[in-house]
Amino acid sequence: MAIHNPGPRAGHGIALKSVAKHVTEGGASGIFATLNVVPMIDMFIILVVFLVMQFSSSGELLLMNPNISMPKASASKELERAPMIALTRAEGNKPGSLLFEGNMVLSLSDVNEVKYPSWDIKPLAETLKKAWKLQQRNPDVKIRKNRKIIIQADRSVPFGVIKMVMATCGRNEYREPNFAIMVGSDD
């Protein structure tokens, strides 16, 4: 084996002269560039803040019940979050339901002027009183003074039932009824 003078050995066996020169002597610039991460993080933070600001903060207020086909109206305004009463349609031999916040209160077949001549639906009144007491315990003044309620009724529910529900709500501190509708015209 031959004796060689000590010196740099990197790239000694590389065939291409330009690559060998770059490896052994170094080029004008390095092969790897450093990436400054701070401006990239700043850019992502700005994008996140922009997207959060553009996103609708109201979100979905209503849970769409499959047993309710809501009426359409052309005049509308966005609803605020409030307790919701749903009046569902009858399905086959199953009568419609009166729901408060998604919980069954009673059957719509039980809501009539013969059973409730004063238009005060007792089971609904008890549920509304409990909800009002819970609402009054909330430390947020805006929520405590909120007298709004959302009524989501199917098109087939008789208006007499809706009037009785509205009267019961009015007697039990919820004096600002709002109706959930679909935006559009009824063709």
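With S156, S109, S56 as the choices, which residue is modelled with pLDDT under 80 and either in a strand (DSSP E or B) or over 17 Å from C169 (Cβ atoms) (or both)?
Testing whether each residue is modelled with pLDDT under 80 and either in a strand (DSSP E or B) or over 17 Å from C169 (Cβ atoms) (or both) leaves just S56.
Can you pull out the residues in segment 78-106 that are in a loop (DSSP other than H, G, I, E, B) and of a type in the set (V, I, T)?
The answer is T88, and nothing else.
How many residues does segment 159-187 contain that are touching a residue at least 24 places away in the same chain (Cβ under 8 Å) and assigned to a loop (DSSP other than H, G, I, E, B)?
9
Report yes if L128 is within 25 Å of A90 (Cα to Cα) and either surrounded by fewer than 18 Cβ atoms within 10 Å (Cβ to Cβ) or in the same structural domain as N172 (by TED's automatic domain parsing) (or both), otherwise no.
yes
What is the number of the single condition among (1) under 26 Å from the mean Cα position of the chain (by Cα); (2) of a type outside the set (S, T, N, Q); (3) under 18 Å from S69 (Cα atoms); (4) crowded, with 18+ Cβ neighbours inside 10 Å that R155 does not meet?
Every condition holds for R155 apart from (4).
N138 is checked against (1) surrounded by 12 or more Cβ atoms within 10 Å (Cβ to Cβ); (2) at pLDDT below 85 and fails just one. What number does that condition carry?
Here N138 clears every test but (1).
Might you let me know whether segment 116-130 holds any residue that is modelled with pLDDT under 85 and outside any loop (DSSP other than H, G, I, E, B)?
No, segment 116-130 has no match at all.
With at pLDDT 85 or above and within 23 Å of the chain's Cα centre (by Cα) as the only criterion, which of M70, M104, M64 stands out?
M104
The values are calculated or read from the model by the stated rules, or taken from the named source; none is laboratory data. Nothing here was measured: the structure is a model prediction, and the numbers come from that model. Cβ atoms come from the backbone with ideal geometry, glycine included; neighbour counts cover every protein chain shown.
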